[in-house]
Structures are given as structure tokens and as C-alpha cells.
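Notes to accompany the following structure.
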Amino acid sequence: MKGNSGLTIEEEKPIYAVYDLRKNEKLVAIGTIQECSELSGISVGHLRLCACPSGQKRNFKYKVVKLGKID
């Protein structure tokens, strides 16, 4: 299946960075949301919540930043 850019859906997955705010913003994981979940032990749903604009306003223990998409 192809998306609007001509890349397959799997090639369009966004890349995230997960930081632990309890440890002075220590980098925990970089990758897709699923890879970050596996590496950090945090659920995919919680990472998605931390990454959304409303979640960024909350006082979570983790900061999730969208870096871009896989080319």
C-alpha cells in the first residue's frame, strides 16, 4: 500500500526520541514509537500521550520528541 508521498506506509513511520525527565533529560531511546516502547519499557499508548500537544503540557516523567520520518 502506498501513501501520498509514494513511499510505502512502513517507510513513513515517524522517529521519536524519549527522554527521562527524572534523570536530567537522559536520552532513553530513539526510533519508531514501537521501538521506543520496547527499549524503554513504557507502553506505546503512554508514549503517544507524552508526544501529543496536550500531553506535553502535563507533568509526565518522560518527554517524547518527534524527530522526523524515515526516508
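Nothing in this text is a laboratory measurement; each read-out follows from the coordinates by a stated rule. Fair warning: this is a prediction, and the values are worked out from it, not measured in the lab.
Working out 0.36 nm times the residue gap between ASN59 and ARG22, then minus their Cα-Cα distance, what length gain in nm do you get to one decimal?
Gain on stretching ASN59 to ARG22: 12.2 nm.
Run the numbers for LEU67 and LEU49: contour at 0.36 nm per residue of separation, minus the present Cα-Cα distance, in nm.
That works out to 4.9 nm of additional length.
Tell me which residues come under 5 Å, amide H to amide H, from THR32 once H is placed; ignore anything under 5 positions away on its chain.
TYR16
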